[in-house]
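No lab work stands behind these numbers, since they all come straight from the coordinates. Worth saying up front: this structure is predicted, and the values here are computed from it rather than measured. We place every Cβ from the backbone using ideal geometry, glycine too, and count neighbours over all the protein chains shown.
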Amino acid sequence: MSSLLWAKPGMDIDADIQRFLAGEDVLLDREFIRYDLRASAAHAEGLQRIGMLSADELAAMQRELAAMDADIAAGCFVLDERFEDMHSAIEDRLIERLGDTGKKIHAGRSRNDQVLVATRLWLRDRLRHAGALCHEATGIALHRAGAEQQLPLPGYTHLQRAMVSSTGLWWTGYAEGFLDDVERLRHTAAWIDANPLGSAAGYGVNLPLDRDHTTQALGFGRMQVAATSAQLSRGKFELAALEALGSALLDLRRLAWDLSLYASAEFGFVALPAKYTTGSSLMPNKRNPDVVELLRGVYASVAAAKSEVEQLLSLPSGYHRDLQFSKGALVHGFGRGLGALGLLPGLLRDLEWVPERMRAAIEPSMYATDLAVELSAKGMPFREAYREAANPANWAERDPATSLAARVSPGAAGDLRLEELLARWRGLGPA
Ligand code: ARG
């Protein structure tokens, strides 16, 4: 490991203890280091603005920070166990390349606000990306709802045949859910869009740091004003972000469940293109819907990440090293979550219905509710109409399309209100 930022002459440094302290942290920091570089550049600008750096020193720092960023992008610099963490790697590099100028970067900041600002920028990008993916998925679902409005699909409650439904209604259900998720992801991105840089170790510093400048330079919506609140928000904001991501993955979990059921021979309502299936190592006859099963399973990773962050938060105010573990939870939760959401638009575009199988699963009992409501509309008190319609002797084959067309309660198959949903979708915009 390169020299520790905080080591003093004669200090006893134990390798095993250092390994435990750093753990996988330095490897996780690969996710965040480019954000730390951006924040470092903003911090250096702020230092120059209050006379702590000359214009030349700032220019040199900006040049080196940009060079390090380019080296990381090109794979010429790899963050590894030579360093305690990304913060040390950045300072090391500036000192190695710029000597005394490099030694000035850390005036007025702490790794405590550095890690906060880097994870905050990372999260903001990922929440926006998740929102864009949900928005794209919604667009496809609404388009297919329009194109496939009339296709009858058995509707279930308790997994028992209930009423005739339609693919239009299946699509609008998920579309509206994913629209809610877009809103939640964006609200959360805006909620956490606050600059913690300049809170230093959590108590500010005796310098008039230009926090307004770093807030604007990093594109934050506002400054996180109280130095103490910046530390209090670590973990709390991460939890909110995982919750927003989780709500999209909960919808995806149910959608994937539908598809795994519908793709089974027992239901047979959906054909998944071969690329979404895999074969069995033993059973030559099998094509398995592994992709939708993993999409269903990803929520577990996000829930685990949420729970880990929540458990870590049992702390008094101020910085505590426990919170380092929240980075692993974030990386794993968002890594899998975004991977799953990334496949969603394509899956929605590609899945095919099998109308004959859907039609064959619709039986006369599924019109009983329509009959009861029809009788009540003609004046029979509903409870009497219900008894009439419960009698199998009164059940008959009907045309599912007619039943769907008559289902005119707003939001049902006969009045999908697609325009309303499309207007909300358009209003939210792609990103
Ligand atoms: N790796 C640390 C973390 O994620 C960085 C901050 C370290 N700060 C400290 N005072 N030891 O929390």
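Counting every other Cβ atom within 10 Å of each residue's Cβ, Asp193, Asp56, Asp125, Asp16 order from fewest to most as Asp16, Asp56, Asp125, Asp193. Restriction of the GluC sites (Glu not before Pro) in the range 221-324 to DSSP coil positions whose beta-carbon has at most 11 other beta-carbons within 10 angstrom yields Glu266. Listed from fewest to most Cβ neighbours within 10 Å, the set Leu209, Leu261 follows the order Leu261, Leu209. Relative to the longest principal axis of the Cα atoms of the chain, helix 167-191 runs at roughly 20 degrees.
For the range 108-261, the percent of C-alpha pairs falling in each 10 Å distance bin, counted from 0 to the bin holding the largest distance, reads 11, 31, 22, 16, 11, 7, 2, 0. Counting Lys and Arg as +1 and Asp and Glu as -1 over every other residue whose Cβ lies under 10 Å from the Cβ of Gly102, the net charge comes to -2.
A simple packing score, the average count of other Cβ atoms within 10 Å per residue, orders the peptides 384-392, 5-13 as 384-392, 5-13, with the highest score first.
The residues packed around Lys306, meaning those with a beta-carbon under 10 Å from its beta-carbon, carry a net charge of -4 if Lys and Arg are +1 and Asp and Glu are -1.
The string of couplings for the range 52-68 from the Karplus curve (6.51, -1.76, 1.60, θ = phi - 60°) is 8, 9, 7, 4, 5, 5, 4, 4, 5, 5, 4, 4, 5, 5, 5, 5, 5 Hz, one whole number per residue in order, with x for Gly and Pro. In plain terms, the residue of Phe334, Phe178 with the fewest other Cβ atoms within 10 Å comes first and the most crowded comes last, giving Phe334, Phe178.
Using only the alpha-carbon atoms, how far is helix 25-49 inclined from the longest principal axis of the chain? Give it as 0 to 90 degrees, nearest 10. Relative to the chain, helix 25-49 is tipped by roughly 60 degrees. Relative to the longest principal axis of the Cα atoms of the chain, the long axis of helix 290-312 lies at roughly 50 degrees.
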